[in-house]
1. Going 7 Å from the Cα of residue 231 along its beta-carbon direction, which residues of region 275-289 have the amide nitrogen within less than 18 Å of the resulting point?
2. In whole percent, what relative contact order does region 1-101 give with Cα contacts below 8 Å and a gap of six or more residues?
3. Would you compute the Debye intensity of region 328-382 from its alpha-carbon atoms alone, equal scatterers and no solvent, and pass along log10 I(q)/I(0) at q = 0.26 Å⁻¹ to two decimals?
4. Quote the relative contact order of the chain in percent (integer), defining contacts as alpha-carbon pairs under 8 Å separated by 6+ residues.
5. Compute the separation of the alpha-carbon centres of region 1-66 and region 333-373 and state it in Å as a whole number.
6. Grab the DSSP H runs of the chain that are 4 residues or longer, score each as -39,500 (n - 2.57), total them, divide by all residues and round the 222 nm result to the nearest 500 deg cm²/dmol.
7. Give the average over all directions of the projected area of the C-alpha convex hull of the chain, one decimal, in nm².
8. For region 302-318 and region 122-197, write down the distance between their C-alpha centroids in whole Å.
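Bear in mind that the values in this text are calculations on the coordinates, not laboratory data. Just so it is clear, the model here is predicted, and its values are computed rather than measured. In this analysis, Cβ positions are derived from the backbone assuming ideal geometry, glycine residues included, and neighbour counts consider all displayed protein chains.
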Ligand code: NAI
Ligand code: NA
């Protein structure tokens, strides 16, 4: 079968197995090129199939020789339909891990459910005994409360007043003004319910109660802050409230892990092209200007570079884990550098449909977007018939 990208709005309906495999291989090669990290040896990654979670799994396995269990929610291939990229990524990851003699198993299911938590606990018990690192990297628009069965939806809206600013359609390059109405009703509570820290705490409680957390175990969840430009729709909007909640939950988890000597951290990461961030208005324009600026300064990073730095320069160093005044790990330090932000703000003022191609890195944005789905990846022969992808070993 020859697979081509099929776009609908801001999403791509197809994914390319060989391109996804090459993406995973490239990330593995990057980690191997950076040398060993004295990190955790048994790692659970929740949200392990794409983005920062996949990078965390790759860094653990190929940077520290860790056994990994990955949890994600992806569609496997079916008649006439490709799988979702995260499914192909995970199949490729498992294959590469096995070749390297590393334990790797995956659970494809709803991480918010009690069932998946039980499955993971059983798998750790049976295969690993305990884990010493838990990465929490879910991004989801919905969450079903596992106890009440109620479905909650998150929204990406400003709070209090309408927000008007520029945005770009990265497919056409058209810059236009957009107004986003403020949230209403239960939007804030619902967004906190989905993207806040409740489920993270439930995971850590379940793991601790089952006795599958090793002494001094660490857990890390990912957050974002970003600049003033995007504040109204991100950090001071509904999603920002959820991130506030996630960050506060880290302290509660640390408290509950005290007797084990365990600790919970939130790491604030850089803005990157993912399926989730492409759907937020204003953010793609910001990212295209940010990419241009950071590439020019030679400090651009993708997910794998970010997580490699998180593990080697923050989490697993000789000294204490460096944090900001709110206890957060910052690997968004380069994005937030004064000279970077000053430049982006200046470019922002001048960005129009006519100027953006020169001012911003629209091309880089598009390439990253296509690569999320395994397209536009160097060294992949897209004219060749794709072979059947092996089943992920632990999935029925
Ligand atoms: P992503 O969309 O690439 O990854 C999300 C992961 O969650 C995937 O593995 C997916 O399968 C899994 N998932 C979603 N719903 C699930 C469910 N119900 N059960 C099991 N697995 C489920 O997202 P990305 O961008 O890597 O985001 C991860 C975290 O990093 C999020 O908390 C996000 O806010 C944060 N972050 C993202 C930034 C960005 O610019 N993309 C910047 C800073 C932080
Ligand atoms: Na992720």
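1. 282-283, 286-287
2. Relative contact order for region 1-101 comes out at 29 percent.
3. After summing over all Cα pairs, the log10 values are -0.97.
4. On the way: 736 pairs, mean separation 83.9, N = 396.
Once divided by the residue count of the chain, the mean separation gives 21 percent.
5. Comparing the Cα centres of region 1-66 and region 333-373, I get a distance of 24 Å.
6. Details: 14 runs with 153 residues, N = 396.
Counting only the DSSP helices, I get -11500 deg cm²/dmol.
7. Taking the Cα atoms of the chain, their convex hull projects to 19.3 nm² on average.
8. With region 302-318 and region 122-197 each reduced to a Cα centre, they are spaced 24 Å.
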